[in-house]
Amino acid sequence: MLETAYKKDTPDAVVNTLEEARKNNMRITIIYGDRTTGKPWGVIPSQGYVGRSAITKLPILLSSKNSGGGVCIMDASILEIRESRSSKIIYKLGQTVDV
């Protein structure tokens with residue numbers, strides 16, 4: 001059973017990528033946008049480490065590995081996830097990516 005509470009319309013590939021990043025303490029960059037059109041929202045990409053909120057177990061983005069709190073990840077609106085250090089794409093809408 002998955003301990004992190006993702007939205008039901010979040011693609012399995014996004015869930016798997018975020019969970020791998022969380023388990024491996026990987027700093028990531030997330031690009032959000034409209035998943036129907038594939039167009040990014042044009043906001044600054046979010047960077048950090050994947051964690052979970054204490055009570056609801058929602059995925060959150062932490063600014064550092066030791067942060068006490070973070071911002072909710074809009075998991076159903078992710079177009080792309082990159083490894084922050086190398087900028088390697090580890091998830092992209094509509095593409096299979098080897099992690």
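Of the residues ASP34, ASP12, the single one that is in contact (Cβ under 8 Å) with a residue 40 or more places away in the chain and surrounded by fewer than 18 Cβ atoms within 10 Å (Cβ to Cβ) is ASP34.
If I ask for residues that are farther than 22 Å from LYS7 by Cβ, touching a residue at least 24 places away in the same chain (Cβ under 8 Å) and not small (Gly, Ala, Ser), which ones from the range 56-95 would you list? LYS65, GLU83, ARG85 - these are the residues of the range 56-95 that are farther than 22 Å from LYS7 by Cβ, touching a residue at least 24 places away in the same chain (Cβ under 8 Å) and not small (Gly, Ala, Ser). Which residue is modelled with the highest pLDDT, if the candidates are limited to the range 48-76 and must be under 15 Å from ILE28 (Cβ atoms), surrounded by 12 or more Cβ atoms within 10 Å (Cβ to Cβ) and of a type in the set (Gly, Ala, Ser)? My answer is GLY48. Counting only residues that are at pLDDT 90 or above, over 18 Å from VAL43 (Cα atoms) and either outside any loop (DSSP other than H, G, I, E, B) or in contact with a Leu (Cβ under 8 Å, 6 or more places away or on another chain) (or both), the range 84-99 holds 3 of them. When GLY48 is tested against (1) free of Cβ contacts under 8 Å to residues at least 24 places away in the same chain; (2) in contact with an Asp or Glu (Cβ under 9 Å, 6 or more places away or on another chain), exactly one condition is not met: (2).
The values are calculated or read from the model by the stated rules, or taken from the named source; none is laboratory data. For clarity, every value in this text was computed on a predicted model and none was experimentally measured. No Cβ is skipped: glycine too gets one built from the backbone with ideal geometry, and neighbour counts run over all protein chains shown.
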